[in-house]
1. Quick one: what pairs do we get from region 483-495, first residue in a helix (DSSP H, G or I), second open to solvent by 50 Å² or more (accessible area, probe 1.4 Å), C-beta under 8 Å, 6+ apart or different chains?
2. Within region 277-310, which residues are in contact with a Lys or Arg (Cβ under 8 Å, 6 or more places away or on another chain) and touching a residue at least 40 places away in the same chain (Cβ under 8 Å)?
3. Only one residue in LEU550, LEU554, LEU473, LEU539 is of a type in the set (A, V, I, L, M, F, W, C), surrounded by 17 or more Cβ atoms within 10 Å (Cβ to Cβ) and in a helix (DSSP H, G or I), so which one is that?
4. From the set of residues in region 625-642 that are without any contact (Cβ under 8 Å) to a residue 60 or more places away in the chain and not polar (S, T, N, Q), which is nearest to PRO510 (Cα to Cα)?
5. Considering only residues that are open to solvent by 10 Å² or more (accessible area, probe 1.4 Å) and outside any loop (DSSP other than H, G, I, E, B), which ones fall in region 624-658?
6. Only one of ILE576, ILE621 is at pLDDT 90 or above, crowded, with 21+ Cβ neighbours inside 10 Å and among the β-branched types (Val, Ile, Thr). Can you tell me which?
7. Out of everything in region 501-529 that is assigned to a loop (DSSP other than H, G, I, E, B) and open to solvent by 10 Å² or more (accessible area, probe 1.4 Å), what residue ends up being farthest from GLY644 (Cα to Cα)?
8. Being in contact with a Ser or Thr (Cβ under 6 Å, 6 or more places away or on another chain) and open to solvent by less than 30 Å² (accessible area, probe 1.4 Å) is the requirement here; does ILE616 meet it?
Amino acid sequence: MATLRKRRWILILATALGIGYGSYKSITQPKLYYAESVIQVHNGAANAYKLEQAYDFSDDSQTKMNTEVMILKSDSLLAEVAREMDLANNPAFTGATGPTHLSLNDPQVHASVVGTLQGTLGVALIPRTEMMKVSYSSLSPKLSADIVNRVVKDYIQRSFHKPVEQTDNVTQWLSSNLDALRLEVERSQQEMMELERKLGVLGYDSTHNQVQTSLEELLSAEGAAKIARINAESRYRMIAGMDLNTIEGSIETTPGTMPGELNQLRATLATARAQYSQLGSSLGARNPQMQGLQEQINELTKAITAEQSRLKIQAQENYLAAKKTEDATEQELDARKKEAYDQGDKFVQFTVVQREYEQNRTLYEALQQRLETAKVESGLDATEVDQVDEALPPITPTIRPPINIIATTTVFFLLGGIVIAFIVESLDTGLHNIQQIESVMEMPSLAIIPKAKRSSAEQTAAMSTAQRNINVLTQPKSQFTESFRSLRTSLLLVSAGHPPKFILFTSATPSEGKTTVASNLACILSQGEASVVLIDADLRRPNVHHRFGLSGKLGLTTVLAGTSTLEESLQRFPEIPNLDILPSGPVPPFPTEMLGSEAMQALLQRLGNLYTHVVIDSPPILSVTDAAILGRSVDAVVLVIRHGKSSKNVMRRARDLLVRSGAPLAGMVLNAVDLNSPEYYGYYGYTGYSYGSMDAESWETQPVSAGAAGAEKRPAR
């Protein structure tokens, strides 16, 4: 609010401009004719005739209606309307006075005509219904009605033809792709049938085939052959490892291995040996009968031995035959196994081909059915649009109330003024009132010095140089002089019980009025019994001696350089007997080194012993560092700020330099203030309590000789 009060003239100007512009707009507003039509949009009644009725639960009626609104204002629909009505060459639409021959094929003409239609055509939904209003405003009542009716007509045609076109496109795509899909089905079927023939499967059953049957039989034969080989090998190895003398008993005790011939030979041999034993007791060995029996026994023994050899050979041959049979069976089994493995791979391929065939066949049948359905349902998905009210040419134009136009423009201009006010406030880095300055500087204000009143030409001619420059001498009862008395009081109360002796005045930049403040304050301090010396420490641009009309040949620099004494350099004048002036003297080559020298410290100490107050005028703090050097040797530093000159950043930097240098910053003085401005109005309450017309009177003083006043305290010239 403070910013708005401060920048109230911007708000007043913005309000006035808003009212003026609103009045102009209300007077010059065109007379537009408004035509509208009401249409109803809903799903077609043909949904009841669809072969498969399905409801989309994700459908939102509000979303559907918003979609239809966007279609009504689409470029394609409005371009078709403009082409049918030839709006590009219609003077009532374009506002052209002469005949035109424009074409919508021109991109600029197309963009201009369609953009005008989109900007003026209004489409609004009627809440809680399936209806919407289509409106248009123009300078011609017939044109407004014709555009609305044409837009509605083209929209209805589009709503019917667009789904049909989409269905036809889908049908054509399905038809073009069904042939390729049918060929793919036939290919996969043929490949599957070829694999069936190779595998020997019956129909689609792949669990029974010739290879598997043969493999099962070979597995059984291979087991039987292995058992026969084991038995034959066992018999052969047993017979081959027997003793010939014991083989008879072993063969006999082995069931199933004793042939008939061997049994007969053994029986005959036993009988012959029995007879030979019986006859041997009665007959001799040479007996022919005994010899005959002996020969028979020998022949039988040979026959048995030959039969045993034959049995051994027979067992070996049986073993070899069984072994060969087993090997042959195993070879056949391995071949059948390899064939079975190959057949398994083919079965996998067959399964893949069969699955591919089934998928292609299913997809083909589904697409074929969908194609037939699409042919039947073509056109049944069209959105049904009914024109409830046809647009009629309006009789009277539609004019906005002037008060609404003025109020709207005023509000917008006022909002713009508020924005501008805050922008101006943010860009304004100046310091305009004491509260703002104290907030930025974070230091107290010692006094506000108003602008001094200028004396008339007749009065100025009768004044001395000091009286023309030092206003407190000629206007002792003015607000200007009272402000310096206030400054004197503030400085004397800076430290309770210890008034500052050394007072340094500086500013941030040149032309702030520090010399004026220092000179006038020195005069005010010397009005009582206090003795005051004013030192011009601005060794680059000295100005104090000019203000008092004194000579600048001798001064501070000559005293510090030792070319003159203090008594020779101090100057006085009769108007202010208790005030001595120490000018700067000639400009030195190294001012900063001179002010920071020990001679300067000694001079200040000597002046402090001689005078009650020592007022020092120093250069600007941001220009040179002289003020920072002197600030460490004084009791109080006063920063002079000229009203409306210095910015916030400049003043902050000046304050920071003084604080970092260790100077005792007492406060600030706001100089050259217009007390009639709103920021300072009433700061000095002289309206009810004033000095009347005594401001023009001069300050009456008694002339005093240069060496009379304060001779016992101040050095004599």
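1. From residues that are in a helix (DSSP H, G or I), the pairs are LEU491/PRO499; LEU492/PRO499.
2. Answer for region 277-310, where residues must be in contact with a Lys or Arg (Cβ under 8 Å, 6 or more places away or on another chain) and touching a residue at least 40 places away in the same chain (Cβ under 8 Å): just ILE304.
3. Values: LEU550 fails: in a helix (DSSP H, G or I); LEU554 fails: in a helix (DSSP H, G or I); LEU539 fails: in a helix (DSSP H, G or I).
Going through LEU550, LEU554, LEU473, LEU539 in turn, just one is of a type in the set (A, V, I, L, M, F, W, C), surrounded by 17 or more Cβ atoms within 10 Å (Cβ to Cβ) and in a helix (DSSP H, G or I): LEU473.
4. By that ranking, first place goes to ALA628.
5. Selection gives ALA628, ILE629, ARG642, SER647, LYS648, ASN649, VAL650, ARG652, ARG653, ARG655, ASP656, LEU657.
6. When all the criteria are applied, what remains is ILE621.
7. Top of the filtered list is GLU529.
8. Taking the combined requirement at face value, the residue does not satisfy it.
The values are calculated or read from the model by the stated rules, or taken from the named source; none is laboratory data. Quantities reported herein were computed from a predicted structural model and do not represent experimental measurements. No Cβ is skipped: glycine too gets one built from the backbone with ideal geometry, and neighbour counts run over all protein chains shown. Surface areas here come from the heavy atoms of the whole protein model, side chains and all, with no ligands, DNA or RNA. Shrake-Rupley method; radii C 1.70, N 1.55, O 1.52, S 1.80 Å.
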